[in-house]
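Input: a single structure, listed below in structure tokens.
Rule-based calculations on the coordinates, nothing more; no lab input. Note that the structure is predicted; figures quoted are calculated from it, not measured. Note that we place each Cβ from the backbone using ideal geometry, even for glycine, and neighbour counts take in every protein chain shown.
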Amino acid sequence: MKNIIKNLFMVATAFALGGCMVGPDYVAPTAEIAKEDLSEKHFFRDEGMWKEAAPAESLPKGDWWKIFSDPTLDSLLEQCRKNSPTLSAAFFRVEQARQNARIDASAFYPQANGRGSFARTGNSQNIETAYKQVDRWTVGLGMTWDLDLFGRVRSIINADVADAEAAFDAYNSLMLSMQSQVAKQYFTIRQHCSEIELLERTLAVRKEQTELIANRVKLDFASDLDLQRAIQQEAEAGAQLAAVRRAMAIARNNIAILIGTTPSKLELTDAPLGEILPKLPQAIPSQLLERRPDIAAAERAVYAANARIGAAHAGYFPTVSISANTDLQANKVDKLLNSSSFAWGISPQIYIPIFQAGRIYAQKQVALAKHKETLENYKATVLTAIGEVENAMSQINNLKIEYAKRMDVTKASNKVFELTRKQYDLGFVDYFSVSDASRNALLNEREQINLRGDRFRACVDFITAIGGGWELNKEAVENQDIKPSMYESANLERNQSPSDETK
């Protein structure tokens with residue numbers, strides 16, 4: 001009898017290991033869809049030097065924010081990564097997905113269990129039996145094994161693993177998004193610091209002008225209208241200063257929430273925004289776009305949906321399971337351990353679906369529709385990535401031109417104010433011309449500061465659009481335009497930095 005059990009076990013093992021998996025083979029969307037959607041025609045700057053993209057979220061990104069060489073920003077983004085409860089919640093979603101995969105993976109192996117029981121049965125007095133009361137003691141081991149002959153369990157496991165990988169990619173995508181928000185809020189604060197510095201200086205000048213006009217009115221060298229205009233300008237500068245301080249306080253509160261602390265505990269030294277921008281790659285090759293974790297997550301979702309088609313298709317085929325048990329049974333507990341109390345049983349079972357009223361067909365159609373949905377979501381993610389990269393490149397290039405022009409405007413408006421002031425002192429113009437020139441000079445200088453902040457925020461958007469980080473060549477030229485002629489060569493190795501080729 002032991003040989004029979006052994007032979008059955010070996011046959012079952014052979015079936016399980018040699019079983020076929022049903023369902024379609026997985027075709028990565030990167031080979032079919034990305035070849036079309038990430039093609040050169042969607043990137044008008046590429047000029048035929050395209051390298052086919054494939055999701056590569058695992059490529060090292062590093063601490064991308066270090067390119068700004070700002071210790072305060074380094075500290076804020078490290079706090080965001082370590083302390084944010086939103087990121088912690090996302091991490092535990094990844095852990096749930098991992099453990100769910102382990103739960104389903106357990107169905108691939110035999111399930112063993114132990115049991116023990118005691119039963120006392122009293123027989124009817126109107127029935128002739130040898131015993132009016134019977135005790136039954138049982139201890140034993142059991143095993144159940146569902147043989148995965150057609151790959152249903154393996155398909156489910158593959159789908160669960162892909163779901164866990166997609167959850168991890170989503171976690172990385174959320175981290176990149178939150179850190180970019182912190183960086184943009186930080187540069188907004190520094191922009192406001194520059195504005196406050198300008199407005200405080202302007203307010204002091206306006207107060208001196210008001211006192212000067214007041215003295216001129218006493219000497220009949222100026223009218224009351226001139227004095228009211230001076231007072232109006234002073235009040236306007238004060239109001240603008242209060243508005244900027246209010247906006248800066250809101251930005252500080254936003255940063256505190258993003259890094260997982262309260263605004264009262266946020267330690268942030270105010271510093272005006274400088275002129276030096278970080279060194280960026282001078283091209284946007286497809287290799288950098290491959291780093292986006294949202295594209296990687298979308299591809300994993302397609303893989304999981306494809307695997308679930310196989311699991312649904314396996315419902316058409318028989319399922320085979322084997323149950324076996326070995327027990328010790330006796331009427332008295334002291335006889336339970338005797339060899340004569342040994343009992344055993346084995347029960348192979350097969351379930352063959354014959355008529356399910358369309359249930360299995362519908363389940364497979366649901367899986368097929370889900371696969372098509374994830375495929376379209378992947379395409380939408382790729383198109384979104386293309387749009388974000390294009391927007392980021394356009395922002396960087398055009399903001400550089402606009403900023404240079406705005407510097408010329410600011411310089412000219414300051415010169416106009418200076419000349420108008422001299423003409424007023426000589427009595428050639430009234431104070432309206434002075435106040436108008438002063439207002440335009442302040443407006444243009446504030447706009448220049450805003451554009452400076454936009455340029456830093458555009459750099460952050462650029463990094464986010466390409467998935468966060470890259471290796472920079474030490475000799476990279478600072479503040480260069482993103483030029484089509486500097487795109488990545490088609491034979492560039494996968495792990496090579498694009499900046500190594502674009503010196």
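Quick look at the numbers
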item	result
Alpha carbon convex hull of region 193-312, projected area averaged over orientations, nm²	15.5
Segment Ser117-Thr269, length gained on full extension (0.36 nm per residue, minus Cα span)	47.6 nm
Alpha-carbon centroid distance for the pair region 374-421 / region 295-328, whole angstrom	51
For region 276-418: rounded, prolate or oblate by the Cα gyration tensor [a/c cutoff 1.5]	prolate
Whether region 59-178 is rounded, prolate or oblate, judged on the alpha carbon gyration tensor where a/c under 1.5 counts as rounded	prolate
Cβ-defined net charge surrounding Asn414, 12 Å radius [Lys, Arg +1; Asp, Glu -1]	0
Per-peptide average of other Cβ atoms within 10 Å, ordering 192-202, 366-376 highest first	192-202, 366-376
Added length on full extension, which subtracts the Cα-Cα distance from 0.36 nm per residue, Val429 to Asn398	7.3 nm
Burial order of peptide ranges 337-349, 98-110 (average beta-carbon count within 10 Å, highest first)	98-110, 337-349
Estimated FRET transfer efficiency when R0 is 60 angstrom, pair Gln232-Tyr109 (beta carbons, to 0.05)	0.15
Highest to lowest packing among 181-191, 404-414, 233-243, scored as the average C-beta count within 10 Å	181-191, 233-243, 404-414
Per-q log10 I(q)/I(0), region 156-248, q = 0.18, 0.22, 0.26 Å⁻¹ (Debye; single scatterer per alpha-carbon; no solvent)	-0.85, -0.99, -1.13
Computed magnitude of the charge dipole of region 208-259 (debye, nearest 20; Cβ of K, R +1, Cβ of D, E -1)	400
Net charge of neighbours whose Cβ lies under 9 Å from the Cβ of Gly315, counting Lys and Arg as +1 and Asp and Glu as -1	+3
Options Gln133, Ala166, Leu176, ranked by Cα towards positive dipole end of region 131-182, top entry (Cβ charges)	Gln133
